[in-house]
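Just so it is clear, none of the values below were taken in a lab; they were calculated from the coordinates. Because the structure is a prediction, the values reported are computed rather than measured. Heads up, the Cβs are rebuilt from the backbone with ideal geometry, glycines too, and the neighbour counts pull from every protein chain shown.
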Amino acid sequence: MAPKRFRIKPPPAPADGPVTLRYPSRRASVGAGVVRRALPHPHRRLIGAWCFLDHFGPTPVRGDRDDIGVHPHIGLQTVTWLLSGEMLHLDSIGSRQRIRPGQLSWMTAGRGIAHAELAQTAGGGSLHGVQLWVALPGAHRRTAPGFVHHDSLPVADLDGAQATVLVGELGGVRAATHTFSPLVGADITVPDRRRRRITLRPDFEHGAVVLEGAVSIEGEHLTPGTLLYLGTQRRALAVQGAPAGRWMLVGGAPLREDVLIWWNYVFRDPEEVRDVVADWNRPNRLRFPDVPGYTGPRIPSPEWNG
Ligand code: MN
């Protein structure tokens, strides 16, 4: 089947003030599984520099059917954040890292990296988590590839709600994660119906996705499968459990760049993506070395026909 012809459209502009806009997540296939894809949405492609948000599971661990074979990325950073289950990350700069719930693996693709994400089945149980991408700003998008793992992350108490800070700063607590644009990302557990206010940076735009249970944010009742876009210029957010839940806050300084996302690539110029498809499929091992410890085939890139 020929890939869909890609139309180049600039992303919708950030809202000029606070809003509450609900966007249903799309069902998308990843490997053998189905995920709730909150970003990119046709009407909301970026929140700060966050450009991709998949919520997967909880689903029973099914062995290697949950594996994602070797594939390339450019122009972005990725994080897989697990609520349950375990993954093994292998990449073309030689990283080999088990990822467990509560740990953050932060991969910078820059000018090019390839990796495999393998579900670990020894413990059985279920696989549940999110995968997020951050678009690198134009000035840094060809940076060297990198991979950093954080075994533990800082936790902020937000008036009785517990926030694990993955990226940036929230509730006076700052994560060590290196970013190329101002960002925030946190996993927040709201234990009860009490209404609380979470302080936000007004120069950021923000969004929310519920991972478990139900949460009310600015009066919007949210369960898994909906992205709530919150706009800009908010100093605080009213949050309560409905009756209890766990949700992900994403935000950042609006990235006012014409970011294009196609397959696993974040880029600006179609010429660039023609080159990267050729380098991956040929393959050019200077740009995309083999992934040590992984013997399966490369997932071929669709051909660019935009
Ligand atoms: Mn990937």
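Miscellaneous remarks
- Extension gain, residue 19 back to residue 144 (0.36 nm per residue minus Cα-Cα distance, nm): 41.3 nm
- Fully extended contour minus Cα-Cα distance, from residue 97 to residue 122, at 0.36 nm per residue: 7.4 nm
- Volume of the convex hull of the chain (Cα atoms only), normalised per residue: 123 Å³.
- Pairwise FRET efficiency - residue 59 versus residue 275, Cβ, R0 = 30 Å, nearest 0.05: 0.25
- Candidates 42, 101, 18, ranked by Gaussian network fluctuation over the chain, Cα under 10 Å, top entry: 42
- In range of the label at residue 192: residues from segment 139-164 whose backbone nitrogen is under 18 Å from the point 7 Å along Cα→Cβ: 157-163
- 0 to 90° range, to nearest 10: angle between helix 270-281 axis and the chain longest Cα axis: 60
- Across segment 122-239, C-alpha contacts under 8 Å between residues 6 or more apart give a mean separation that, scaled by the residue count, equals a relative contact order of 19 percent.
- Dipole size of segment 155-306 about its Cα centre, with +1 on Lys/Arg Cβ and -1 on Asp/Glu Cβ: approximately 420 debye, rounded to the nearest 20.
- From the C-alpha gyration tensor of segment 94-159, square roots of 5λ in Å: 25, 19, 11
- Point-charge dipole on Cβ atoms (K/R +1, D/E -1) for the chain, about Cα centre, debye to 20: 520
- When the Cα positions of 110, 126, 252 are compared along the charge dipole of the chain, 252 comes out farthest toward the positive end, with charges on each C-beta of Lys, Arg, Asp and Glu.
- Segment 11-72 shape via C-alpha gyration tensor axes, a/c threshold 1.5: prolate
- Inter-part distance, segment 223-244 to segment 45-123, computed on C-alpha centroids, equals 25 Å.
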